[in-house]
Amino acid sequence: MTKRFNDKVVVITGGTDGIGLTTAKSFAAEGAHVYITGRRQQRLDAALKEIGGGVIGVQGDVSNLADLDRLYDQISRDHGRVDVIFANAGISESAPVGSITEDHFDRVFAINVKGTVFTVQKALPLMSAGGSVVLTGSGAGCKGFASLSIYSATKAAIRSLARTWTTDLKGKGIRVNVVSPGMVLTPAMQTYLNENVGAEEWMEQAIPFGRLAQTEEIAKAVLFLASGESSFIGGEELLVDGGFVAV
Ligand code: NAD
């Protein structure tokens, strides 16, 4: 059977852990040439070992434009094109409104918004009709969540980027969409649940489906939006949250 992403060049920022790592495995299993980024070389090496082939790691911080240039220079030399971008790298930090510091604000916006903007902008010269950009939002960008205002604002911004870029790229055949996870059982989330008694029960109560998402469930949505199966979907936000935002 033909693989869905045979010979496609796929870029995943923040591919060393959690959702990005699982998605990298899924794209590689579907025949893609996958490039993952991460800030620490050691984590990149561990991720590449875990994935076991079909993936190249490029160390870099998405909020550093020179690192992004280096990433795309390498891809340009290797393949001369980018077919899919999954702008996944992101951080979540909390602070109630009275305790938000300038550092907190700058850090979260730099990685979640600036990082997304330039990850996509710098890839565009390598993209052509049929290309697909998948951004990462969050249920928190759609619903109030105590102490998460800055993170939530960055994720609401992601939805605006997808809608605006859909108009900016009119006629170019490049689609831009968003996958917005709800609460996902990543290793980092598991650590949080272990350290915060009662958090898992609260989440299971709050999510209509009664459980957190598996990273594979987010990856499936990303591959759908990256593939031709979603050929007439643009500027859309796909919530993968077990109904959390709906209630
Ligand atoms: P994670 O912390 O497990 O992994 C994040 C990845 O991003 C890691 O590979 C990390 O190295 C990388 N990263 C962080 N900052 C970076 C930077 N400056 N430059 C390059 N890479 C960087 O995170 P996750 O839970 O898998 O989340 C992935 C995305 O999904 C994020 O955008 C997050 O906001 C979003 N999200 C996650 C959840 C959840 O419950 N896990 C829910 C909603 C949205």
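Label-to-label distance for T2 and A156 is 4.3 nm, based on points extended 7 Å past Cα in the beta-carbon direction.
The mean sequence separation of alpha-carbon pairs under 8 Å and at least six residues apart, normalised by the residue count of the range 1-119, gives a relative contact order of 27 percent. If you add up the charges near E237, with Lys and Arg at +1 and Asp and Glu at -1, over every other residue whose beta carbon is less than 12 angstrom from its beta carbon, what do you get? For residues surrounding E237, the net value is +1.
Per DSSP H run of n ≥ 4, the term is -39500 (n - 2.57); total these for the chain, divide by its residue number, and report the mean residue ellipticity at 222 nm rounded to 500 deg cm²/dmol.
On the way: 9 runs with 101 residues, N = 247.
Result for the chain, helices only: -12500 deg cm²/dmol.
What does a probe at S76 reach in the range 120-158, counting residues whose amide N is under 18 Å from the point 7 Å along Cα→Cβ? Once the point is set 7 Å along Cα→Cβ of S76, 120-129 turn out to lie under 18 Å by backbone N, inside the range 120-158.
About its Cα centre, what dipole magnitude does the chain give when the only charges are +1 on Lys and Arg Cβ and -1 on Asp and Glu Cβ, stated in debye to the nearest 20? Don't skip to the end; give the middle numbers.
On the way: 23 positive and 26 negative charges, 147 e Å.
The calculation lands at about 700 debye.
For the chain, the extents of the C-alpha atoms along the principal axes are 48, 37, 35 Å, listed from largest to smallest.
Rounded to whole Å, the principal axis extents of the Cα atoms in the range 12-137 read 48, 32, 23, largest first.
Out of all Cα-Cα pairs in the range 9-75, roughly what percent, to the nearest whole number, are more than 13 Å apart? Before the final figure, lay out the partial values.
On the way: 1220 of 2211 pairs.
Roughly 55 percent, once rounded to a whole number.
Whole-percent P(r), the range 121-247, all Cα pairs, 10 Å bins from 0: 12, 39, 31, 14, 3, 0. Within straight-line reach of K8, meaning a Cα separation under 29 Å, sit the following lysines at least 8 residues removed in sequence or on another chain: K25, K49, K114, K122, K155, K170, K172, K220.
For H104, H33, what ranking results if the residue with the fewest other Cβ atoms within 10 Å of its Cβ goes first? Numbers along the way, then the final one.
Numbers: H104 15, H33 20.
Going from sparsest to densest Cβ surroundings: H104, H33.
For the range 1-57, the set of chymotrypsin sites (Phe, Trp or Tyr not before Pro) satisfying both a DSSP loop assignment and a count of at most 10 other C-beta atoms within 10 Å is empty. When you count the other C-beta atoms within 10 angstrom of each residue and take the mean per peptide, 80-88, 66-74 line up highest first as 80-88, 66-74.
Just so you know, all these numbers are worked out from the coordinates, no wet-lab data involved. Bear in mind the structure is a predicted one, so any value in this text is a computation, not a measurement. Reconstructed Cβ throughout: ideal geometry from the backbone, glycine too, with neighbour counts over all protein chains shown.
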